[in-house]
1. Can you grab the distance from the C-alpha centre of region 14-66 to the C-alpha centre of region 88-122, Å, no decimals?
2. Could you give the DSSP H helices of the chain that reach 24 angstrom or more along their long axis (alpha carbon positions) and whose average Kyte-Doolittle hydropathy is no lower than 1.0?
3. Which entries in Lys110/Lys169; Lys5/Lys301; Lys25/Lys169 show an alpha-carbon gap greater than 22 Å?
4. What residue among Met201, Met292, Met143 shows peak mean-square fluctuation when the chain is described by a Gaussian network model with Cα springs under 10 Å?
5. If a paramagnetic tag sat 7 Å from the Cα of His13 along the Cα-Cβ line, which residues of region 300-338 would have the backbone N under 17 Å from that point?
6. With every protein chain present, what accessible area does Tyr70 have (1.4 Å probe, heavy atoms only), rounded to the nearest 10 Å²?
7. Please list, in chain and number order, the residues 5+ apart from Val31 or on another chain whose amide H is under 5 Å from its amide H, with Hs placed from the backbone.
8. What base-10 log of the normalised intensity I(q)/I(0) is obtained for region 3-204 from the Debye formula, alpha carbons as equal point scatterers, at q = 0.12, 0.13, 0.17 Å⁻¹?
Amino acid sequence: MGTIKLSREALRHNLDIIAHQVGGKDKIAVVLKDNAYGHGATLIADESSRYGVKQAVVRLEREALEIVEYFENVLVLGEIPIQGHPKLSYALNSLEEIALYPKGVRVELKIDTGMHRNGITPDQLEEAFVKIAAQGLVCVGVMSHFRAADTLSSEWYWQRRIFDTLKPKALDLAKLYGWSLRFHISNSAGAFRSSECRDNMVRVGIALYGCLQMDPTLPQPAFKSVLSLWGNRIATRVLKAGQRVGYNGIYEATCDEVISTYDVGYANGLDRLASDRFTTPEGVALRGRISMDNAAFSSDKEELLIFDNANEYARSVGTIGYEILACLDKDLKREWID
Ligand SMILES: *Cc1c(COP(=O)(O)O)cnc(C)c1O
């Protein structure tokens, strides 16, 4: 099976840029959902915590339990408590959900400031606090999410305003219950939209991994891609002019060509739509259909770099780097290179 190589140097470089932008390491929460966007959750958790990051964000409780030892708090975005843990907090995504929570759990209230995906409306804040308190829960945060922070439009501004307007009201109400709240709304792109960070925390995913893409008119921080995907050679042959390789023979050699198969396929996250139309950063062409567990390239190298920036692979299949990274097979070998 292929190998994922990770650069500590790139990860630390990205953390330096983020910490500088938001005003310190203490404001960073690393987003480690979906196996840390394919990078390997415990590897990234370990390295981020050595750097000094104290907060993390995941989707599921079991993802949180896997990395909780590295952090002071882990926020679970998309699941109500199953077994619970004193260092976990849970995003509350609706009023109805409150009744399902066991007493004593720490929650962070999600406000729908315009994405219309999850969360309560701003005018339900008071009702939500009353219900949270009545259920015996402790509210430790108020949060939201930008729907288009990476594009230049007015959207970032009005979501930002709705959130900021809510803060004093939330703080006043929280006093009644003795809660102290933290506020956070920004993902990676959001964190780079303004020179000042007005919140207690930012939730950074894609920037941490060095694959943030912003509208060309917006700031372009010089992140470095952390992950590269490598294939190991299985077999090499010379394809004679006129011979075809792989399923359905969609690629035909126009002259004698050295071709090797490598041990990564669509089961490992190599999106099949890139079949016959992808070239590696070193200029090596992918030939024919990608199979489940292997793919052919015009090369005889023992170890082949397939991509060192997920956004480039994503472009060849018409998607985004996030999807390519999140779909990388959990069983691929992962190792640090520096
Ligand atoms: C995934 C996610 C993030 C991180 O987004 P990036 O664009 O990768 O920085 C932040 N907040 C929430 C709620 C998310 O689901």
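1. 22
2. Working: long enough: 155-177 (33 Å, -0.67).
Span-like helices, by this rule, are absent here.
3. Values: Lys110/Lys169 15 Å; Lys5/Lys301 17 Å; Lys25/Lys169 28 Å.
Violating the 22 Å Cα-Cα cut-off are Lys25/Lys169.
4. Met292
5. Within reach of a label on His13, which here means backbone N under 17 Å from a point 7 Å along Cα→Cβ, region 300-338 contributes 307-312, 336-338.
6. 60
7. Residues meeting the amide H criterion: Val57, Val204, Gly205.
8. Scattering profile of region 3-204, log10 relative to I(0): -0.59, -0.70, -1.19.
The values are calculated or read from the model by the stated rules, or taken from the named source; none is laboratory data. Since this is a predicted model, take the numbers as computed values, not measurements. Reconstructed Cβ throughout: ideal geometry from the backbone, glycine too, with neighbour counts over all protein chains shown. Keep in mind that these areas ignore ligands, DNA and RNA; they rest on the heavy atoms of the full protein, side chains included. Shrake-Rupley method; radii C 1.70, N 1.55, O 1.52, S 1.80 Å.
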